[in-house]
Amino acid sequence: MTYIPEHEPWRNGSIEHFNGWLQERLLTIPLHSPSQVRRELAAMMDTCFREQIHPDLNFQTTAQVRQNLSPRTLPHNFRRHLQPLPVTIGRVTFIRRIRQSGRITILAAKFAVGKRFAHQYVAAILYTRMMIIKVHFHGHLIKQFDFPFVGKHLL
């Protein structure tokens with residue numbers, strides 16, 4: 001699994017397609033007050049629900065898919081969500097842009113990669129069996145870190 005860089009939604013084509021669709025409809029309306037913006041956004045959300053097709057939903061709208069679903073609720077005594085989730089063995093790749101400080105952030109943990117790589121993109125691969133992160137720049141391993149568990153910070 002590969003994740004796009006944080007705060008760079010333009011790297012996701014479906015999001016960009018939706019943003020273009022939304023701007024096309026929203027920016028054609030002159031908006032003069034916060035209450036008007038709220039009303040228009042509520043109307044746009046309803047329109048998205050009824051009109052925006054999704055390739056992952058067999059090119060159907062959310063409304064079309066929900067027509068065939070019946071709502072399900074959890075039992076009142078459900079507590080499973082309070083138990084820690086098991087970690088699947090494998091690897092997860094994160095694409096990150098190195099900040100001016102030479103750091104990247106992965107799953108709320110900060111890692112010092114080096115200021116000489118500032119503003120460059122790296123592939124950081126989390127190996128879940130060993131709980132290590134290997135950072136690659138142009139296909140070369142440049143750093144390796146132990147991944148911290150919840151509550152621990154590297155920097």
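Any read-out appearing in this document is the output of simple, stated calculations on the displayed coordinates, not a laboratory observation. Because the structure is predicted, anything quoted here is derived from the model rather than measured. Neighbour counts are summed over all protein chains in view; Cβ atoms, including those assigned to glycine, are modelled from backbone coordinates with ideal geometry.
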(message) With the structure loaded, tell me whether residue 137 is touching a Phe, Trp or Tyr at 6+ places or on another chain (Cβ under 7 Å), over 15 Å from residue 5 (Cα atoms) and not hydroxyl-bearing (Ser, Thr, Tyr) or whether it fails that test.
(response) no
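Here is a yes/no grid of residues against (1) under 24 Å from the mean Cα position of the chain (by Cα); (2) not polar (S, T, N, Q):
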site: 34; (1), (2): no, yes
site: 43; (1), (2): no, yes
site: 47; (1), (2): yes, no
site: 58; (1), (2): yes, no
site: 63; (1), (2): yes, yes
site: 68; (1), (2): no, no
site: 71; (1), (2): no, yes
site: 75; (1), (2): no, yes
site: 78; (1), (2): no, yes
(message) Can you say whether residue 65 is under 26 Å from residue 135 (Cβ atoms) and either out of contact with any helix residue (DSSP H, G or I) (no Cβ under 7 Å at 6 or more places or on another chain) or of a type in the set (A, V, I, L, M, F, W, C) (or both), as far as the supplied structure shows?
(response) no
